[in-house]
Amino acid sequence: MTLHQLFHFDAFFWWVFCIGVLEGLRFGRNEVVLRKASLSVAFRVGASEALIFALLGATTSPWVFVGLGALRLLLSRLRDGRLSWRAGVELLLVGAAMTALVVVGDVHTFSQVGARGLSMGGTWRLVILTLVTAACVFAIVPAKISNEAKMTLAAPFVLVAFARVGVPLDAVEPRLAMAAPIIGAVLSALCALWLLSAGMRANHFEPSSLVSELVMCERGVLLSFVWIGLASGERLAGVGAFIEWWAAALALLTLEASLRVRPLPKSMAFFALAMAVGIPGTTGFIAEDLLAHGLLELRPLLAALFVGVAAINAAALYLALTNLIVDAGHEHRHDSPAEGRLTAMMIVPAALTLLIGLVPRPFVATATEAREAVAPHETVDVEHPVGASWDGLPRLPLGDEAFVEQ
Amino acid sequence: MDLIESLSSSQPLLHMLTFVTMLSPAAGALVLVLLSISGVSPSERWVAVVSSVTISGAAAAALMLASLVMLRPTHEFDEVLWTMYQVDAYHLDVSVFVDPLSAMLITLAAFVIPVLCRFSGRYLHREPGYLRFFVLMGVATTGFFWFVLGGSVDMAFIGWELLGLSSVLLVAFFWERSETVVASGRIFATYRVADIALLAGVVLLHHYAGDSSWPTVLGIGRDHHTADLGEVAATVLGLAFLLAAIGKSAQAPVSAYILRAMEGPTPSSALFYGTLSIHAGVYLMIRVEPLLSNAPIARGAVVFIGVLTAVTSSLSARVRADAKGALALATTAQAGLMLAETGLGFTTFATWHLLAHGLLRLAQFLRAPSWLADAQGRRRELGGGTYRPAFYLEGLLPEGFRTWLYAAALARFGFDGVVERLFSRPLAALAHLVSTPRPRIREDGGARITGSVFRVRLPDETGVSPPARTSVRPPAPRAHT
């Protein structure tokens with residue numbers, strides 16, 4: 001295969017590339033602030049992170065995808081001095097899924113996943129989807145909170161893997177296509193409750209560990225939302241998932257940047273909260289609107305769970321933030337300014353989220369194209385219909401039958 | 001007359017007035033934020049000028065818009081301004097809908113908000129958060145006008161959220177005091193539940209009716225009538241909107257949060273909890289009242305909640321020792337009455353009640369800090385005496401029951417405890433179960449202090465958590481060589 005065949009710079013690549021750039025900036029900033037590295041080192045670290053993540057989005061070959069994932073793991077090992085076992089497990093799971101895809105399904109490019117998935121047999125489809133789903137769960141669960149600075153916030157490569165593999169296979173494997181969003185919803189609920197617990201236990205923690213727990217739990221909630229939308233197979237929810245991915249990247253960057261500064265820049269911290277919970281005028285609002293509508297088309301119960309988790313998440317995040325402010329007030333010295341200084345890492349994502357939130361149309365159109373790039377194009381001859389309509393599937397008792405017009 | 005007719009039918013003029021109303025306050029807030037970020041610290045005078053011009057301009061434009069629309073033969077203005085975004089058949093439109101109901105609310109806001117801006121400019125003189133206050137005022141004004149003028153429930157939701165967020169952040173205005181920050185957290189949680197209930201209503205409306213614009217869905221328009229939604233769907237929607245109204249208008253059983261909201265500066269208390277935000281829930285129920293015609297259960301619930309709040313809040317207000325607290329509870333009691341009126345179908349009466357009440361509470365809240373001085377002035381005019389009414393309604397009750405009622409009113413009829421036991425504690429217990437309890441280690445000199453996190457205790461009413469149990473273990477003895 002030629003280089004041109006191995007990498008395809010479609011709308012999905014550009015979507016992922018921009019998220020990768022944000023993540024690269026974050027890694028670069030952490031190098032400067034936490035490790036006191038020089039700008040050139042920080043640039044190298046950030047650029048490598050962004051480049052690898054972009055290539056992960058561009059590659060069409062499962063083998064190259066796994067190779068890039070391994071390269072990313074190796075670079076983090078060189079950077080941090082030790083191997084992250086968690087990243088290793090994710091790579092193993094995704095690697096196993098890709099291997100099964102290539103060996104059993106005879107899939108050489110991701111565009112063949114949907115069509116070849118049918119001929120693969122139900123069991124193997126289930127195995128592959130289970131592996132990728134397990135990798136997503138593993139990546140999203142907020143464990144190892146102390147490693148927050150070293151972990152990727154909004155650019156886990158498992159989400160790219162799920163988008164390339166899980167989304168097309170979902171269309172031909174309705175069993176997991178129904179289970180995955182429910183697993184995602186439960187996961188988001190767990191993360192939101194964990195965040196609530198962190199907020200309530202705030203007086204028992206030192207502030208820096210609370211910030212780590214807060215950021216990781218919020219990451220879990222937001223990435224769960226992304227995963228729910230991707231896994232649902234529903235078009236509106238899928239577009240919403242892509243926008244939520246961007247919203248999560250911007251919100252988490254701003255949250256982390258603002259909460260680590262002392263004195264605490266309270267205005268920016270509250271704005272970061274607004275970004276994370278999807279207040280109108282921010283990117284998150286558009287994402288949650290599309291997700292809610294899309295999930296309602298799929299299952300009312302799922303949509304109810306989604307909005308419920310969103311409410312808990314908002315309350316929990318605010319509680320944690322208020323406790324941080326109270327702590328910051330106790331530590332405040334009279335000779336230091338009342339408000340922390342705003343940095344570019346706070347202002348740029350905040351400005352972006354406002355810009356997208358206020359003029360969303362081009363962004364939503366791009367997200368639709370990105371979703372189209374990974375969703376199956378061909379109409380597959382299956383027992384159940386493909387795409388947004390799930391009319392052929394059996395519905396849960398809490399479906400629309402109760403509301404049929406008389 | 002020809003001039004008035006041509007003005008009222010001029011689409012470009014109406015569009016321009018709509019844009020100014022909906023965007024001007026936000027533009028002012030944005031200008032202030034940009035000035036602040038860029039390092040320029042505008043003086044109080046400039047902040048007040050920018051804010052006053054943009055907010056007053058919006059108020060004037062709103063008043064003109066309402067007047068012109070009322071002069072139209074149909075007394076309505078319904079227009080889609082632009083499509084925010086679209087995915088396949090689903091699209092979110094920015095639309096405007098002006099009718100007599102929204103015109104009355106616009107008139108109220110057009111008088112109240114500029115007055116409050118002017119008052120705040122002097123009241124908050126030399127406060128550290130002066131600029132922040134006016135930024136949030138701009139956001140609140142934008143939110144309110146979007147809520148009232150929005151042509152669909154989606155637009156109303158956008159304004160509703162902006163109004164709620166700005167009111168919470170203004171409660172936390174004096175954030176150097178931990179009590180205000182913690183109080184704002186409780187309010188935010190309540191508002192968030194209300195927001196989610198409204199969002200659920202919006203999404204369900206799209207699902208069942210295919211459209212959430214006010215004229216189409218609520219039978220105000222020509223072709224569609226709410227009866228087509230079916231009784232179950234109408235009941236679910238009605239209850240969702242009622243839940244949203246309960247949260248926003250501080251109705252029972254969550255009315256206690258309004259006492260915490262009094263931590264904010266007096267102008268924000270007057271604006272949100274005297275005039276605008278507290279009536280937003282009532283306005284929402286008035287708007288969706290046609291939906292209740294096919295939902296008797298929801299209608300009954302609206303009346304029940306309204307009456308319950310009116311009775312309990314008015315009794316609680318009478319035993320409050322602080323002026324703002326008494327005012328706040330009295331406000332919720334009146335909002336409860338309005339809700340009951342709406343539930344019974346007397347929407348026009350409820351609307352006039354809302355207008356009159358909003359203006360009265362504005363005056364009372366603004367005078368609240370001077371209440372003691374006012375009372376002393378009245379006492380002087382009475383020649384040193386005090387006014388005491390000769391007759392109390394409670395005097396008719398048996399003494400034992402009167403005592404019980406007094407105690408119950410002081411405890412706000414136990415609603416806080418009910419909400420805590422039904423929602424807060426189970427949620428907290430679930431949260432504790434989910435997260436792995438683990439000790440936190442803090443280095444403090446040579447000793448290692450272990451914090452115990454195995455028992456989660458909820459904060460008391462002041463919002464302060466009980467201190468952690470800590471044990472100090474001495475460092476391990478060193479081996480002597």
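Within region B:161-182, restricting attention to residues that are hydrophobic (A, V, I, L, M, F, W, C) and more than 9 Å from chain A (Cβ to nearest Cβ), the residue that is farthest from the chain's Cα centre (by Cα) is B:Phe174. Here A:Pro280 clears all of (1) modelled with pLDDT of 90 or more; (2) in a helix (DSSP H, G or I); (3) within 14 Å of chain B (Cβ to nearest Cβ) except the condition numbered (2).
Can you tell me which residue among A:Glu31, A:Glu23 is under 24 Å from A:Glu244 (Cα atoms) and not hydrophobic (A, V, I, L, M, F, W, C)?
Within the list A:Glu31, A:Glu23, the selection yields A:Glu23.
I'd like to check something: does region A:260-268 contain any residue that is in contact with a Lys or Arg (Cβ under 6 Å, 6 or more places away or on another chain) and more than 12 Å from chain B (Cβ to nearest Cβ)? Within region A:260-268, none of the residues are in contact with a Lys or Arg (Cβ under 6 Å, 6 or more places away or on another chain) and more than 12 Å from chain B (Cβ to nearest Cβ).
Remark: pairs (first residue in region A:271-296, touching a residue at least 60 places away in the same chain (Cβ under 8 Å); second residue outside any helix (DSSP H, G or I); Cβ separation under 6 Å; 6+ apart in sequence or on different chains) = A:Met275/A:Thr282; A:Gly284/A:Gly278; A:Phe285/A:Gly278; A:Ile286/A:Pro360; A:Glu288/A:Gly278; A:Gly294/A:Glu234.
Listed here are the helices (runs of 4 or more DSSP H) enclosed by region A:1-91 that have at least 1 residues being among the charged types (D, E, K, R) and touching a residue at least 24 places away in the same chain (Cβ under 8 Å): A:11-33, A:39-58, A:62-80. Against the numbered list (1) buried (at least 24 other Cβ atoms within 10 Å of the Cβ); (2) more than 28 Å from B:Phe147 (Cα to Cα); (3) not hydrophobic (A, V, I, L, M, F, W, C), A:Arg260 comes up short only at (1).
Quick grid of which residues meet (1) surrounded by 24 or more Cβ atoms within 10 Å (Cβ to Cβ); (2) within 14 Å of chain B (Cβ to nearest Cβ); (3) among the aromatic types (Phe, Trp, Tyr); (4) touching an Asp or Glu at 6+ places or on another chain (Cβ under 9 Å):
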| position | (1), (2), (3), (4) |
| --- | --- |
| A:Thr152 | no, no, no, yes |
| A:Ala163 | yes, no, no, no |
| A:Gly166 | yes, no, no, no |
| A:Gly184 | yes, no, no, no |
| A:Ala189 | no, yes, no, no |
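For region A:100-123, the tally of residues that are surrounded by fewer than 17 Cβ atoms within 10 Å (Cβ to Cβ) and part of a helix (DSSP H, G or I) stands at 7. The number of residues in region B:151-169 being touching a residue at least 60 places away in the same chain (Cβ under 8 Å) and either in the same structural domain as B:Ala270 (by TED's automatic domain parsing) or more than 14 Å from B:Pro25 (Cβ to Cβ) (or both) comes to 9. In the set B:Thr83, B:Thr180, only one residue is of a type outside the set (Gly, Ala, Ser) and assigned by TED's automatic domain parsing to the domain that holds B:Thr21; that residue is B:Thr83.
If I go through region B:191-214 residue by residue, how many of them are more than 7 Å from chain A (Cβ to nearest Cβ) and either assigned to a helix (DSSP H, G or I) or touching a residue at least 60 places away in the same chain (Cβ under 8 Å) (or both)? Total meeting the criteria: 13. Of all the residues in region B:69-90, those that are more than 10 Å from every other protein chain (Cβ to nearest Cβ) and part of a strand (DSSP E or B) number 5. None of A:Arg219, A:Arg235 is within 14 Å of chain B (Cβ to nearest Cβ) and of a type in the set (Lys, Arg) except A:Arg235. Is it true that B:Ala66 is surrounded by fewer than 19 Cβ atoms within 10 Å (Cβ to Cβ), at pLDDT 90 or above and not charged (D, E, K, R)? Here the answer is no, as B:Ala66 does not meet what is asked. Those residues that are of a type in the set (Phe, Trp, Tyr) and touching a residue at least 60 places away in the same chain (Cβ under 8 Å), I need them from region B:353-386; list them, please. The answer is B:Phe365, and nothing else.
Quick check on region B:126-136. Is at least one of its residues out of contact with any helix residue (DSSP H, G or I) (no Cβ under 8 Å at 6 or more places or on another chain) and within 14 Å of chain A (Cβ to nearest Cβ)? Within region B:126-136 (the criterion being out of contact with any helix residue (DSSP H, G or I) (no Cβ under 8 Å at 6 or more places or on another chain) and within 14 Å of chain A (Cβ to nearest Cβ)), the answer is yes, since at least one residue qualifies. Evaluating A:Ile325 against the criteria (1) at the interface with chain B (Cβ under 10 Å from one of its Cβ atoms); (2) at pLDDT below 90; (3) more than 22 Å from A:Glu206 (Cβ to Cβ) leaves one unmet condition, (3).
B:Ser313 meets the stated requirement of being more than 26 Å from B:Ser212 (Cα to Cα), in contact with a helix residue (DSSP H, G or I) (Cβ under 7 Å, 6 or more places away or on another chain) and of a type in the set (Ser, Thr, Tyr). Here B:Leu3 meets each of (1) closer than 24 Å to B:Gly151 by Cβ; (2) over 32 Å from the mean Cα position of the chain (by Cα); (3) surrounded by fewer than 17 Cβ atoms within 10 Å (Cβ to Cβ) with one exception, condition (1).
Is one or more of the residues making up region A:284-294 modelled with pLDDT of 90 or more, assigned to a helix (DSSP H, G or I) and β-branched (Val, Ile, Thr)? Scanning region A:284-294 turns up at least one residue that is modelled with pLDDT of 90 or more, assigned to a helix (DSSP H, G or I) and β-branched (Val, Ile, Thr).
Restricting attention to region B:405-435 and to residues that are part of a helix (DSSP H, G or I), without any contact (Cβ under 8 Å) to a residue 40 or more places away in the chain and among the small types (Gly, Ala, Ser), the residue that is surrounded by the fewest Cβ atoms within 10 Å (Cβ to Cβ) turns out to be B:Ala407. Across region B:252-279, the number of residues qualifying as closer than 20 Å to B:Phe147 by Cβ and either part of a helix (DSSP H, G or I) or modelled with pLDDT of 95 or more (or both) comes to 15. Close contacts from region B:235-249, counting a first residue that is over 11 Å from B:Leu292 (Cα atoms) and a second that is modelled with pLDDT of 95 or more and surrounded by fewer than 24 Cβ atoms within 10 Å (Cβ to Cβ), with Cβ to Cβ under 8 Å and a gap of 6+ residues or different chains, come to B:Ile246/B:Ile305.
The values are calculated or read from the model by the stated rules, or taken from the named source; none is laboratory data. As the structure is a computational prediction, the values presented were derived from the model and not from experiment. Reconstructed Cβ throughout: ideal geometry from the backbone, glycine too, with neighbour counts over all protein chains shown.
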